[in-house]
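Reading through the C-alpha coordinates given below for one structure.
The values are calculated or read from the model by the stated rules, or taken from the named source; none is laboratory data. The structure presented is a predicted model; accordingly, all values stated were derived computationally and were not measured. Every residue, glycine among them, receives a Cβ derived from its backbone with ideal geometry; neighbour counts consider all protein chains shown. SASA here: full protein model, heavy atoms, side chains in, ligands and nucleic acids out. Shrake-Rupley method; radii C 1.70, N 1.55, O 1.52, S 1.80 Å.
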Amino acid sequence: MNKKVQGLLDNARYFRDKGAMYIYKAEISDTHSLQFDRYLQRAASALDASTTYYKTAYHVATDIYGENEAIEILLDDIGNNSKLLNYLTNITE
(Lines give C-alpha, C1' and ligand atoms only; values in the text may rest on other atoms or scores of the structure.)
Protein backbone atom coordinates (compact mmCIF):
# COMPACT_ATOMS: atom_id res chain seq x y z
CA MET A 1 0.00 0.00 0.00
CA ASN A 2 1.16 3.51 -0.75
CA LYS A 3 2.84 5.31 2.17
CA LYS A 4 0.53 8.33 1.86
CA VAL A 5 -2.59 6.20 2.05
CA GLN A 6 -1.15 4.16 4.91
CA GLY A 7 -0.24 7.30 6.84
CA LEU A 8 -3.72 8.73 6.38
CA LEU A 9 -5.27 5.44 7.50
CA ASP A 10 -3.02 5.32 10.56
CA ASN A 11 -4.11 8.83 11.55
CA ALA A 12 -7.77 8.02 10.91
CA ARG A 13 -7.53 4.87 13.04
CA TYR A 14 -5.78 6.79 15.80
CA PHE A 15 -8.59 9.35 16.00
CA ARG A 16 -11.24 6.64 15.66
CA ASP A 17 -9.73 4.79 18.62
CA LYS A 18 -9.49 8.02 20.56
CA GLY A 19 -13.18 8.69 19.86
CA ALA A 20 -14.08 5.18 21.00
CA MET A 21 -12.13 5.74 24.22
CA TYR A 22 -14.06 8.95 24.94
CA ILE A 23 -17.37 7.23 24.19
CA TYR A 24 -16.44 4.56 26.70
CA LYS A 25 -15.50 7.18 29.29
CA ALA A 26 -18.83 8.92 28.72
CA GLU A 27 -20.68 5.64 29.17
CA ILE A 28 -19.12 5.00 32.56
CA SER A 29 -19.62 8.54 33.83
CA ASP A 30 -22.79 10.04 35.25
CA THR A 31 -25.00 11.22 32.39
CA HIS A 32 -25.85 14.44 34.24
CA SER A 33 -22.27 15.46 34.92
CA LEU A 34 -20.06 17.93 33.12
CA GLN A 35 -17.58 15.12 32.45
CA PHE A 36 -20.21 13.28 30.40
CA ASP A 37 -20.69 16.30 28.15
CA ARG A 38 -16.93 16.86 27.82
CA TYR A 39 -16.34 13.24 26.88
CA LEU A 40 -19.08 13.38 24.27
CA GLN A 41 -17.62 16.58 22.81
CA ARG A 42 -14.14 15.06 22.69
CA ALA A 43 -15.52 11.88 21.11
CA ALA A 44 -17.35 13.89 18.47
CA SER A 45 -14.25 15.94 17.73
CA ALA A 46 -12.02 12.86 17.43
CA LEU A 47 -14.51 11.04 15.20
CA ASP A 48 -14.85 14.14 13.03
CA ALA A 49 -11.07 14.22 12.59
CA SER A 50 -11.12 10.52 11.80
CA THR A 51 -13.81 11.04 9.16
CA THR A 52 -11.74 13.80 7.55
CA TYR A 53 -8.69 11.52 7.36
CA TYR A 54 -10.80 8.70 5.87
CA LYS A 55 -12.21 11.03 3.22
CA THR A 56 -8.74 12.21 2.29
CA ALA A 57 -7.42 8.64 2.25
CA TYR A 58 -10.28 7.65 -0.04
CA HIS A 59 -9.52 10.42 -2.51
CA VAL A 60 -5.80 9.65 -2.51
CA ALA A 61 -6.43 5.90 -2.85
CA THR A 62 -8.88 6.53 -5.69
CA ASP A 63 -6.26 8.55 -7.56
CA ILE A 64 -3.62 5.86 -7.06
CA TYR A 65 -5.55 2.58 -7.25
CA GLY A 66 -8.92 3.41 -8.78
CA GLU A 67 -12.31 3.57 -7.15
CA ASN A 68 -12.97 -0.16 -6.72
CA GLU A 69 -9.63 -0.84 -5.06
CA ALA A 70 -9.99 2.24 -2.83
CA ILE A 71 -13.39 1.01 -1.66
CA GLU A 72 -11.95 -2.41 -0.85
CA ILE A 73 -9.10 -0.87 1.13
CA LEU A 74 -11.27 1.49 3.16
CA LEU A 75 -14.65 -0.23 3.47
CA ASP A 76 -14.17 -1.93 6.84
CA ASP A 77 -12.47 1.06 8.44
CA ILE A 78 -15.10 3.51 7.28
CA GLY A 79 -17.84 1.12 8.40
CA ASN A 80 -16.35 0.92 11.89
CA ASN A 81 -16.10 4.70 12.06
CA SER A 82 -19.72 5.05 10.97
CA LYS A 83 -20.84 2.61 13.67
CA LEU A 84 -19.13 4.72 16.31
CA LEU A 85 -20.71 7.90 14.94
CA ASN A 86 -24.15 6.28 15.02
CA TYR A 87 -23.54 5.03 18.54
CA LEU A 88 -22.45 8.50 19.63
CA THR A 89 -25.62 9.94 18.15
CA ASN A 90 -27.75 7.41 20.02
CA ILE A 91 -26.05 8.19 23.34
CA THR A 92 -26.98 11.86 23.09
CA GLU A 93 -30.65 11.22 22.38
* Structure fact -> For the chain, dividing by residue count, accessible area per residue (probe 1.4 Å) in Å² works out to 65 Å²
* Structure fact -> Lys and Arg at +1, Asp and Glu at -1: neighbours of residue 35 with Cβ under 11 Å from its Cβ sum to +1
* Asked: Hey, what number do you get for the chain at 222 nm if only DSSP H runs of n ≥ 4 count, each worth -39500 (n - 2.57), divided across all residues, to the nearest 500?
  -> -32500 deg cm²/dmol
* Assigned charges on the beta-carbon of Lys, Arg, Asp, Glu; the chain dipole about Cα centre (debye) -> 320 debye
* Structure fact -> Computed from the beta carbon distance with a Förster radius of 22 Å, FRET efficiency for residue 80 and residue 4 to the nearest 0.05 stands at 0.55
* To do: Quick one: accessible surface of residue 69, probe radius 1.4 Å, all protein chains present, in square angstrom to the nearest 10.
  => 80 Å²
* Using a 1.4 Å probe on the protein chains only, how many percent of the accessible area of the chain belongs to carbon and sulfur? -> 50 percent
* Asked: Just the accessible area for residue 24, please: 1.4 Å probe, Å², rounded to the nearest 10?
  -> 130 Å²
* To do: Could you name the lysines whose alpha carbon sits less than 26 Å from that of residue 3, not counting residues in the same chain fewer than 8 places away?
  => 18, 55
* **Computed magnitude of the charge dipole of region 47-93 (debye, nearest 20; Cβ of K, R +1, Cβ of D, E -1)** => 160 debye
* Structure fact -> Total charge of the residues flanking residue 80 in space, meaning their Cβ is under 13 Å from its Cβ, with Lys and Arg +1 and Asp and Glu -1, is 0
* Using a 1.4 angstrom probe on the protein heavy atoms only, line up 74, 34 by accessible area, largest first. => 34, 74
* Asked: Given R₀ = 41 Å, FRET efficiency for residue 65-residue 35 by Cβ-Cβ distance, to 0.05?
  -> 0.45
